[in-house]
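Worksheet for the structure shown next.
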Amino acid sequence: MMNFHSIILIIYILLSFTKSFNITPGILDIKENKISHRRRIEEEGNEREEEKNKFNPIIIGYDYSQFDSDNDINETIKDNIKQLLEEVKDKFQTILSVKHKNVSVSQESLNELIETRCKINITLSNETYENIKEKNDITIFPVFEDFNSEKECENIIKGYYCLLTRDKFPKGGVLKIKKNINFTKENSYKNIKYILFHQMTHIFIFEPNLMKSLDMVKDNQVITEGLKKIARNHFNCSKFTEDDDFGLPLETDGYHWDSRYMLGDYMISFDYYDKTLSDLTLVLFDDSGLYNVKNLYGKYFNFGKNKTCSFFDKKCIENDDITFDEFCIKENEPKCSQSRINKGKCYIQNYDEDIPEKYNYFNNSKGGIKQMEYCPVSNESNYFFSSNCKNNNGLANKIYGEKYGNNSFCFISSLTSNDSNVLNNDESICYEVECDYINKIIIVNVNNTQINCYEGNDTISNPSGFIGNLTCPKYNDICDKNINDTCTDMFDCIRPEFGRDNIFDDEDSYKFIQINILLIFIFLFIL
Ligand SMILES: [Zn+2]
C-alpha cells in the first residue's frame, strides 16, 4: 500500500517537473512578499477579505527604447501607436486585477533573457530594470521589425510573452510592429487598436503553451470552471457543465477560438467585421488564476446564443437549408451581423482548391469563410466600419428611413413610405431602437414612426404608413441588456459602470479550496 502511493507521488512529481520544462520563455524568480504565516492564521477570519484586496488593477509598463530610437519610422506614426497603446492599457486596467509580485533577477541575467527569450535587441535602462522587478505587473516591449507573419492575425503586429514567473505569470512580452504600418485607410486608427488588443491578449493568456501549462485546455478545447458556466448559459447547452470532456473548441493550432462557434469575438484567427468582446474570452483571464476579472463587460456577442447543444452537433447547412440563423445560404442576400451592430451580406466566395467533401454545401467550388468550416455567414469585405450602425458618419439610406447612431441596430427591411408607391427589395438597414422592458417590445423608429416588434413576431407587413416588410429580431438579441448602456463598439463597451455582478459565487470557490486542502491531507494520511 505504502509503496504504491509513494510511486504515484513520485510519478506525479516527475510529471510536474517535465511540464515546467516545456515552457520555453525566460523564467523569473518571484521574490515573496514577507507575510508571516502566524499572522495569517491568527487573522483567518479576515483572510478572505485580505485575499480579495490583494488584487489591484494590473500595472502595464511599456519600454519604448527600441521603438523611439528607430529612425526609419516617422514621428506621427510613433505618436499614433503610443496613443493607441495607452488606450489599450487603460482598457486592460479596467478589466483585469492581479496580485502584484516582485521578482528577483539581476540586471545582467534579465538582459540576457530579453535577448535570448524575447528575441529583441535592447539594453535595459536602469529604470526599466527597476520597473520590471518592482513596479510593473507586466512589461511590454513595442519594437519595429519586419517579421514573417505566421498567422493571419499577425499581418501588421505580432504579440508574444517571453518572460514568465515560476507560477506562470507573463511578466514580459513583445509587440513586434511592421515598419510599413500606416494610418492612411479610413478608420485604420480604430482597426489597429483592435489588433493591439488582440495581440496583447495573446501575451496575457491566449497562447496554447501557457493555457496548457495552466490546465485550461484539453483536446484543443477550453474546459475551465468559469467558462463552463458562461458557455452553458450563452449557448443554453448543459453539456458544458454535465460532460467533463465538453469544452469550447479552439482552432487547430490553439491560438484562437474556433470561429465556427465564436464568430465575432475578437479572439478568432481572422479579421472579421463584427468585433465583440465576449464574456467567454474575458472569463479565460479569470479562470487562469493569474488575473481577477471583477466584472464581466462583454456585450453584443450573440453568435450561437441560446442555440443549444445542437449548435455543436449539427452542420450549418443540412438538407439545403440553414440549421441556425447565424448562417445563410443565398449569396449576397442582405444579412445583419449576429451582434446586429453591422449591416452585411451573405458571404460566399469561390475557392481555387477543393472544398472538403463534408463542408462542400454547394456542390461546387463555392463556400463561406474557410476557418468557419466554409459556413456562409454575414460579412462585409469593404468595411472599415462603414456598415456599422453606431457610426454617426454612416451614409443613411433615406428611402428606407435609415438612421445611424448609438441606439441603432441592423434590421432586414423593405419598408418604404407608402406614398413612394414602390415596392423595394429587402436590405440590411440601420434603425434607431428603444426597448419596452415591461412588455418585451422592440420599438423600431422608421422615419419618426414607431413600429413595434412583439416577441414571437417574425415579420411585420405593410405597417400603417408603409409598404413592405420588416423582419423582427429576437427581443433578447437587442434588449436583454440595458439599452441605456448602449456602447458603440467593443472598446466603448468596456466601461466600469457596465460591469455586471460577478457571476462567480465566492462561497463556492472558497469551499472548493477547502475541499482540495482536505483531500491533500487525506492523501498524506494514507501515505
Ligand atoms: Zn491572433
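In this structure, Asn502 does satisfy being surrounded by fewer than 16 Cβ atoms within 10 Å (Cβ to Cβ) and either modelled with pLDDT of 80 or more or not in a helix (DSSP H, G or I) (or both). For segment 179-191, the tally of residues that are more than 21 Å from the chain's Cα centre (by Cα) and surrounded by fewer than 16 Cβ atoms within 10 Å (Cβ to Cβ) stands at 7. When segment 387-400 is filtered for residues that are out of contact with any Cys (no Cβ under 6 Å at 6 or more places or on another chain), crowded, with 17+ Cβ neighbours inside 10 Å and farther than 14 Å from Asn425 by Cα, the ones remaining, listed by number, are Ser387, Asn388, Lys390, Asn391, Gly394. Where strands (runs of 3 or more DSSP E) fall entirely within segment 335-446, those with at least 3 residues that are farther than 26 Å from Lys314 by Cα and in contact (Cβ under 8 Å) with a residue 40 or more places away in the chain are at 408-413, 427-436.
Might you let me know whether segment 230-239 holds any residue that is within 16 Å of the ligand (Cβ to nearest atom) and either part of a loop (DSSP other than H, G, I, E, B) or surrounded by 17 or more Cβ atoms within 10 Å (Cβ to Cβ) (or both)? Checked segment 230-239: no residue is within 16 Å of the ligand (Cβ to nearest atom) and either part of a loop (DSSP other than H, G, I, E, B) or surrounded by 17 or more Cβ atoms within 10 Å (Cβ to Cβ) (or both). Here Phe324, Phe312 are screened, and the one residue that is surrounded by fewer than 23 Cβ atoms within 10 Å (Cβ to Cβ), at pLDDT 95 or above and either touching a His at 6+ places or on another chain (Cβ under 6 Å) or part of a loop (DSSP other than H, G, I, E, B) (or both) is Phe324.
Of note, Gly172 does not satisfy the criterion of being at pLDDT 95 or above, of a type in the set (Gly, Ala, Ser) and within 16 Å of the ligand (Cβ to nearest atom). Across segment 119-157, the number of residues qualifying as within 16 Å of the ligand (Cβ to nearest atom) and part of a loop (DSSP other than H, G, I, E, B) comes to 7. Each residue in segment 59-118 was checked for being more than 14 Å from Met200 (Cβ to Cβ), in a helix (DSSP H, G or I) and out of contact with any helix residue (DSSP H, G or I) (no Cβ under 9 Å at 6 or more places or on another chain), and 13 pass. Out of segment 246-279, which residues are away from the ligand (no atom under 16 Å from the Cβ) and modelled with pLDDT under 95? Selection gives Tyr273, Asp274, Asp279. Filtering Leu84, Leu110, Leu124, Leu164 for residues that are touching a Pro at 6+ places or on another chain (Cβ under 9 Å) and either hydrophobic (A, V, I, L, M, F, W, C) or under 23 Å from Tyr189 (Cα atoms) (or both) leaves a single hit, Leu164. Ser417 meets each of the listed conditions (1) farther than 22 Å from Gly304 by Cα; (2) among the small types (Gly, Ala, Ser); (3) at pLDDT 90 or above apart from (3).
Let's see how each residue does on (1) in a loop (DSSP other than H, G, I, E, B); (2) within 16 Å of the ligand (Cβ to nearest atom); (3) farther than 27 Å from Ser69 by Cβ:
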position: Ile181; (1), (2), (3): yes, no, no
position: Thr184; (1), (2), (3): yes, no, no
position: Lys193; (1), (2), (3): no, yes, no
position: Phe197; (1), (2), (3): no, yes, no
position: Phe206; (1), (2), (3): yes, yes, yes
position: Lys212; (1), (2), (3): no, no, yes
position: Asp215; (1), (2), (3): yes, no, yes
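The values are calculated or read from the model by the stated rules, or taken from the named source; none is laboratory data. As the structure is a computational prediction, the values presented were derived from the model and not from experiment. FYI the Cβ positions are ideal-geometry reconstructions off the backbone, even for glycines, and counts take in every protein chain you see.
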